[in-house]
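Before any comments, here is the structure.
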Amino acid sequence: MALIAAARGLYFLAAMLLFGGEAFAALLRARLPAIAPVKMAAPRWAAWAVALVAGCAWAGLAAMQMADALDSQVMVRSATDTLFGQLFLARMAALVLLAAVFALMRGHRLAALIAAALLVLPAATSHAAVASPAGFIAIGGTLDAVHLLTAGFWIGGLMVLALLFARKEPNILLALSLFSDWALVAVLLLVMTGMIDALQVLLGNKGAMAPPYLAVLGAKLLLVIVMLGLAAVNKFKLMPKADDRTIARNAAFELGLGAIVVLLAGALGQLQPVL
Amino acid sequence: MRKLALLLLLAATSALGHAKLVSSEPAARAKVKSPQQIKLTFSETLEPAFSGATLTDAAGRNLPVPAAVGASAITLLPMALKPGGYTVTWHGVGHDTHRMSGSFGFTVVP
């Protein structure tokens, strides 16, 4: 259980860094041409490799979980005869396509689009999707997809800001202002979809809630509240003072907390909400 | 948005997460005449490749019974069962890849 939760969490973290990093880099290029392109080769290939390894590990462990055994036949049946497996194959195809885009193209838009697919495809097999009203996977799946994309924009955007801080970008305050405006919308959507998900789990069940699920959910919510506090301090207190050193420290802390939150979300997807 | 949230809450199923056995015919511990079919209904859509059920008699022998896995149900079609105790052992996997399993018994009366 711990292994599959870790593989799932790492896959989502890598996919979020890929999507958010490429999306915010594309936004920077379009809105702030004065800022030189961000050098993202090392983090993007690192995230790509983690997505590949963690994605394959997740698929192998999920096949073992489904069949209660693991051999080549189970792997093939899992990949071809289950929704999760078919989406896994689609995600691997998207990763190959993404590698080609990284190698051959300089822009970020197409890469952001492919990374978005990497991030949202697993939403169709999430707890939110399978618990959709009247079996309409699209309802819960869409909510989960919006939750993942907005979280990805937040975390991946913070990574791009960290790269700009590291190279001592002279126009960092402009970049911060742009990120802050877009992240505000992303975080609002993130919190709304997260609350709907959480309320559906907490109030939509007849049985008693499982303590491990509640503990992980509580820890995740607590960390998100700390992240929101740091973002609010950055936006409303430090940005007007142009205190970019403190902002950089807070943003790095926020990024670290975000990574822990995503790993906790990986565990939540494996835990049974109800006893 | 608030309306959407309320709609989702009202329509929420009773079993978020893993596929659970909701009901069965015959019910667990029921005393029935030889059933024409044994139907197990689950809380979520099943993955047929990894879901199924078997039937054993009181001596623990596996009975050869055709089984069909539908969207959220497993159906066994036994031949006429002799009076006695029987156990249905099932395993169900939902789209979320979680495997749930269990068993229940029923008795066939003359």
query = Looking only at residues in the stretch B:84-109 that are more than 30 Å from A:Ala129 (Cβ to Cβ) and without any contact (Cβ under 8 Å) to a residue 40 or more places away in the chain, which one is surrounded by the fewest Cβ atoms within 10 Å (Cβ to Cβ)?
reply = B:Gly84
Total residues in the stretch A:44-59, condition facing chain B (nearest Cβ under 10 Å) and either surrounded by fewer than 19 Cβ atoms within 10 Å (Cβ to Cβ) or not in a helix (DSSP H, G or I) (or both) = 0
request  = Out of A:Ile137, A:Ile172, report the one residue that is surrounded by fewer than 24 Cβ atoms within 10 Å (Cβ to Cβ), within 14 Å of chain B (Cβ to nearest Cβ) and either aromatic (Phe, Trp, Tyr) or farther than 23 Å from A:Leu97 by Cβ (or both).
outcome  = A:Ile137
Of all residues making up the stretch B:55-72, the number that are surrounded by 13 or more Cβ atoms within 10 Å (Cβ to Cβ) and within 13 Å of chain A (Cβ to nearest Cβ) = 3
query = What single numbered condition from (1) part of a helix (DSSP H, G or I); (2) surrounded by 13 or more Cβ atoms within 10 Å (Cβ to Cβ); (3) away from chain B (no Cβ under 14 Å) fails to hold for A:Ala62?
reply = (3)
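Being under 26 Å from A:Ser180 (Cα atoms), buried (at least 18 other Cβ atoms within 10 Å of the Cβ) and under 17 Å from the mean Cα position of the chain (by Cα): is that true of A:Ile4 here? If you could, list the steps in order and put the result at the bottom.
On the way: under 26 Å from A:Ser180 (Cα atoms): no; buried (at least 18 other Cβ atoms within 10 Å of the Cβ): yes; under 17 Å from the mean Cα position of the chain (by Cα): yes.
For A:Ile4, the condition - under 26 Å from A:Ser180 (Cα atoms), buried (at least 18 other Cβ atoms within 10 Å of the Cβ) and under 17 Å from the mean Cα position of the chain (by Cα) - is not met.
Tell me yes or no: at least one residue of the stretch A:77-86 is of a type in the set (S, T, N, Q) and outside any helix (DSSP H, G or I). Even if it seems obvious, please write down each step before you answer.
Going through the stretch A:77-86, the residues of a type in the set (S, T, N, Q) turn out to be A:78, A:80, A:82, A:86.
Okay, now just the ones that are also outside any helix (DSSP H, G or I), so A:82.
Yes.
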query = Given the conditions (1) surrounded by 13 or more Cβ atoms within 10 Å (Cβ to Cβ); (2) modelled with pLDDT under 95, which single one is not true for A:Leu95?
reply = (2)
key: Elements of type helices (runs of 4 or more DSSP H) in the stretch A:107-196, at least 3 residues being under 21 Å from A:Arg31 (Cα atoms)   = A:109-120, A:137-166
message = Out of A:Ala231, A:Ala210, I need the residue that is within 13 Å of chain B (Cβ to nearest Cβ) and either in contact with a Cys (Cβ under 8 Å, 6 or more places away or on another chain) or surrounded by 16 or more Cβ atoms within 10 Å (Cβ to Cβ) (or both). Which one?
response = A:Ala210
note = Log entry, pairs with first residue in the stretch A:199-213 being in a helix (DSSP H, G or I), second being at pLDDT below 75 and surrounded by fewer than 16 Cβ atoms within 10 Å (Cβ to Cβ), beta carbons closer than 7 Å, six or more apart or on different chains, reads A:Leu199/B:Leu9; A:Gln200/B:Leu9; A:Leu203/B:Leu9
task = Scan the stretch A:251-271 for residues that are crowded, with 18+ Cβ neighbours inside 10 Å and of a type outside the set (A, V, I, L, M, F, W, C) and jot them down.
result = A:Glu254, A:Gly258, A:Gly266, A:Gly269, A:Gln270
task = Output the number of the condition that B:Val32 fails; it satisfies all remaining conditions of (1) within 14 Å of chain A (Cβ to nearest Cβ); (2) of a type in the set (A, V, I, L, M); (3) farther than 16 Å from B:Gly94 by Cα.
result = (1)
ask   = Residues in the stretch B:50-76 that are hydrophobic (A, V, I, L, M, F, W, C), in contact (Cβ under 8 Å) with a residue 12 or more places away in the chain and over 18 Å from B:Phe104 (Cβ atoms): how many?
value = 2
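The values are calculated or read from the model by the stated rules, or taken from the named source; none is laboratory data. All values reported here derive from a predicted model rather than from experimental measurement. Reconstructed Cβ throughout: ideal geometry from the backbone, glycine too, with neighbour counts over all protein chains shown.
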